[in-house]
Amino acid sequence: MSLLEAKNIGKRFGGVQALKDVSLSINSGEIYGLIGPNGAGKTTFFNVLTGLYPRDDGEVIFDGKPLELGSPHKVTQAGIARTFQNIRLFAHMTARENVMVGRHARTKVGVVGAVFRSRAQREEEAAIERRALELLHYVGIADRASGLAKNLSYGDQRRLEIARALATEPKLLALDEPAAGMNATETAGLRTLIEGLRRDGLTVLLIEHDVKLVMGLCDRVAVLDYGEKIAEDVPDAVRNNPKVIEAYLGTSTS
Amino acid sequence: MALFLAVTPFVVGAALGNAWLRVLDFALLYIMLALGLNIVVGFAGLLDLGYIAFYAVGAYTYALLASPHFGLHWPAWAILPIGALVAGIFGVLLGAPTLRLRGDYLAIVTLGFGEIIRIFMNNLNAPINITNGPKGIARIDPISIGGHSLSKSIDVFGITVPGLTLYYYLFLVLTVLIVIVGIRLQNSRIGRAWVAIREDEVAAKACGIDTRNVKLLAFAMGASFGGVAGGLFAGFQEFVSPESFGLMESIMVLCMVVLGGMGHIPGVILGGLLLAVLPEAFRHGAVPMQNWAFGKVLIDPENLRMLLFGLALILVMLYKPAGLWPEKQHRLEMRK
Ligand SMILES: Nc1ncnc2c1ncn2[C@@H]1O[C@H](COP(=O)(O)OP(=O)(O)O)[C@@H](O)[C@H]1O
Ligand SMILES: [Mg+2]
């Protein structure tokens with residue numbers, strides 16, 4: 001059963017056709033890889049999918065309903081959470097507070113509740129904090145809960161971003177190059193974490209440069225090149241696809 | 001602490017006289033303003049250079065509803081919430097068209113907004129006389145509580161408590177209320193959303209925050225604090241005119257927030273207190289000091305005041321860029 005169906009997505013920046021007629025469908029419970037050379041349009045696809053950039057063409061059906069692209073917070077509420085290629089944390093908030101912000105979409109007490117410290121507010125606040133700590137534990141940085149996000153190590157920042165995304169209770173988690181800049185140990189840890197996510201029933205859309213990681217982790221992989229999808233298949237078939245080999249030829253990744 | 005705050009006006013009144021009691025009352029009004037602006041600038045990170053407009057809106061709301069100008073004499077307890085509401089609405093009016101702006105651009109638009117409000121108050125005396133123009137509105141009803149006007153002194157157990165002291169207590173109570181509201185907002189889902197927007201708006205959106213609404217809420221909350229302070233100001237002064245709401249006032253309140261420690265409520269209170277009291281001290285002290293040192297007045301105290309104010313700002317920005325009393329975390333990191 002497909003959880004997300006992107007149909008004929010098109011996006012242009014001035015003269016650059018960053019995405020051209022991209023269609024792909026992600027099944028519930030799978031880890032779906034999106035790869036391609038630098039500048040292929042992977043991040044742009046994320047940005048369109050999560051409503052950050054307006055799209056020129058196409059539509060997205062998520063969980064059986066058309067997704068309202070254009071308002072990022074509604075995409076999050078519909079159940080898509082993401083991380084960013086260039087980590088975007090709330091630098092001067094603690095790790096715990098970062099994850100607590102992630103609970104915003106699933107909680108509701110407003111100004112009046114906050115000012116009067118209503119019972120509902122206190123309970124909700126306690127639940128938010130509890131959940132944040134659970135998630136920090138889940139991604140393995142519980143001991144850094146009170147540290148400022150900006151003071152975390154690079155690998156821990158990536159994990160914190162994942163915890164914050166998980167706090168929004170997504171059905172689909174979209175990770176934009178989560179292993180970028182990680183050393184081998186950190187990458188191995190990340191892999192364990194993502195495998196755990198799948199085991200816990202989450203669907204994952206993974207952009208990654210580390211081809212070994214993608215091939216080892218993903219159920220299916222799509223390849224973008226110059227904004228077009230040139231392949232979509234199980235990892236082994238993609239690896240041997242002549243078009244893919246050609247796209248990667250001469251670039252550093254193998 | 002409570003005792004200290006309670007006896008302060010008596011000590012000040014006895015030692016320094018009524019002029020300083022007034023300074024103290026104004027300091028509390030400024031602290032309220034700084035706390036309101038702190039929500040917009042300190043928490044949500046939206047640079048607002050026209051904040052004094054909301055003070056003006058609150059003041060004029062009070063003036064129009066409790067003065068011979070329209071012949072209305074509503075009680076303060078009814079007007080102050082109305083003033084907060086009206087100012088809040090103006091906050092949304094300012095916020096709505098500026099949602100996409102940040103930093104310098106936002107600062108310029110808000111600056112314009114502040115001036116527009118002031119110009120309106122200056123000119124809304126024709127064709128229908130609403131604000132009485134540059135002459136302002138006089139003979140405003142003083143605030144009264146339980147039938148007793150705070151402008152008159154009362155005798156309590158044989159001690160005469162002057163009106164200025166009564167206002168002090170009223171302002172103090174409201175300042176404490178505003179501090180409590182501010183702290184509660186800061187430690188709430190909404191407060192976190194404000195800070196998240198300040199830190200990274202894109203990431204905030206990705207966390208499911210409707211940044212448009214949450215920003216408008218910041219503008220409205222900050223403005224309503226200003227509206228309350230404005231109403232108190234009108235009742236206290238018994239006179240309002242557009243002159244009191246110029247750009248310099250907006251900048252002054254912003255300086256209180258920045259100098260004290262943006263986003264840190266105790267710091268903002270300190271900033272408000274210092275900037276309300278120190279310039280007055282210079283004003284009172286400059287002439288005798290110069291006479292004593294040089295035998296004559298070399299520099300006009302008003303100029304000296306601005307000079308020292310500028311100098312103080314530069315020094316603080318150089319040596320304490322996060323403000324005099326920043327949040328602990330900020331302080332730790334500024335040291336690095
Ligand atoms: N905000 C933008 N403005 C203009 N051009 C952009 C923008 N974002 C991406 N592009 C262009 O779109 C193309 C795809 O970029 P991107 O999606 O970041 O690639 P990838 O993530 O696959 O490396 C590139 O040519 C890039 O220069
Ligand atoms: Mg990219």
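The values are calculated or read from the model by the stated rules, or taken from the named source; none is laboratory data. Predicted, not measured: the structure shown is a model, and the values here were computed from it. Glycine gets a Cβ as well: all are built from the backbone with ideal geometry, and neighbour counts include every protein chain shown. For the accessible areas, the whole protein counts, side chains as well, though only heavy atoms, and no ligand, DNA or RNA atoms are used. Shrake-Rupley method; radii C 1.70, N 1.55, O 1.52, S 1.80 Å.
Annotations
- Residue list for the range A:196-223, restricted to those being within 16 Å of ligand 2 (Cβ to nearest atom) and of a type outside the set (A, V, I, L, M): A:Glu208, A:His209, A:Asp210
- Among helices (runs of 4 or more DSSP H) entirely within the range B:1-108, having at least 1 residues that are surrounded by fewer than 17 Cβ atoms within 10 Å (Cβ to Cβ) and of a type outside the set (Val, Ile, Thr) singles out B:2-16, B:18-37, B:76-98.
- Among the numbered conditions (1) open to solvent by less than 10 Å² (accessible area, probe 1.4 Å); (2) within 14 Å of chain A (Cβ to nearest Cβ); (3) under 20 Å from B:Leu80 (Cβ atoms), the only one that B:Phe171 does not meet is (2).
- Failed condition for A:Ile207, given (1) open to solvent by less than 50 Å² (accessible area, probe 1.4 Å); (2) over 14 Å from the mean Cα position of the chain (by Cα): (2)
- In the range A:170-187, the residues that are more than 11 Å from A:Thr50 (Cβ to Cβ), assigned to a strand (DSSP E or B) and within 14 Å of ligand 1 (Cβ to nearest atom): A:Leu175
- Subset of the range B:292-311 that is part of a helix (DSSP H, G or I) and in contact (Cβ under 8 Å) with a residue 12 or more places away in the chain - its residue that is nearest to A:Gly147 (Cα to Cα): B:Phe309
- Flag for B:Ser244 being of a type outside the set (Val, Ile, Thr), more than 18 Å from B:Asp25 (Cα to Cα) and touching a residue at least 12 places away in the same chain (Cβ under 8 Å): no
- Enumeration of residues in the range A:14-56 that are within 14 Å of ligand 2 (Cβ to nearest atom) and within 14 Å of chain B (Cβ to nearest Cβ): A:Thr43, A:Phe46, A:Asn47, A:Val48, A:Leu49, A:Thr50, A:Leu52, A:Tyr53
- Condition met for B:Val228 (open to solvent by 10 Å² or more (accessible area, probe 1.4 Å), at the interface with chain A (Cβ under 9 Å from one of its Cβ atoms) and β-branched (Val, Ile, Thr)): no
- Looking only at the range A:125-169, and only at residues there that are of a type in the set (Asp, Glu) and open to solvent by 10 Å² or more (accessible area, probe 1.4 Å), the one that is nearest to ligand 1 (Cβ to nearest atom): A:Asp156
- Residue selected from the range A:89-107 under the condition closer than 25 Å to A:Leu69 by Cα and among the charged types (D, E, K, R), by the criterion least open to solvent (accessible area, probe 1.4 Å): A:Arg103
- Scanning the range A:89-102 for residues that are more than 7 Å from every other protein chain (Cβ to nearest Cβ) and farther than 29 Å from A:Ile26 by Cβ turns up A:Thr94, A:Ala95, A:Arg96.
- Yes/no for A:Leu217 being touching a strand residue (DSSP E or B) at 6+ places or on another chain (Cβ under 6 Å), surrounded by 12 or more Cβ atoms within 10 Å (Cβ to Cβ) and aliphatic (A, V, I, L, M): yes
- Against the numbered list (1) modelled with pLDDT of 95 or more; (2) within 12 Å of another protein chain (Cβ to nearest Cβ), A:Lys108 comes up short only at (1).
- For the range B:139-150, taking the residues that are part of a loop (DSSP other than H, G, I, E, B) and open to solvent by less than 70 Å² (accessible area, probe 1.4 Å), the one that is farthest from B:Tyr60 (Cα to Cα) is identified as B:Leu150.
- Subset of the range A:119-132 [over 24 Å from A:Ile80 (Cβ atoms) and in contact with a helix residue (DSSP H, G or I) (Cβ under 8 Å, 6 or more places away or on another chain)]: A:Ala120, A:Gln121, A:Glu125, A:Glu129
- Count of residues meeting criterion [open to solvent by less than 20 Å² (accessible area, probe 1.4 Å), more than 7 Å from chain B (Cβ to nearest Cβ) and over 9 Å from the mean Cα position of the chain (by Cα)] in the range A:73-88: 2
- Among the conditions (1) within 16 Å of ligand 1 (Cβ to nearest atom); (2) closer than 19 Å to A:Ala132 by Cα; (3) among the hydrophobic types (A, V, I, L, M, F, W, C), the only one that A:Leu202 does not satisfy is (1).
- Restricting attention to the range B:176-190 and to residues that are more than 7 Å from chain A (Cβ to nearest Cβ) and touching a residue at least 12 places away in the same chain (Cβ under 8 Å), the residue that is nearest to B:Leu85 (Cα to Cα) turns out to be B:Ile178.
- Exactly one residue out of A:Val112, A:Val16 is within 30 Å of B:Ile183 (Cβ to Cβ), aliphatic (A, V, I, L, M) and open to solvent by 30 Å² or more (accessible area, probe 1.4 Å): that is A:Val112.
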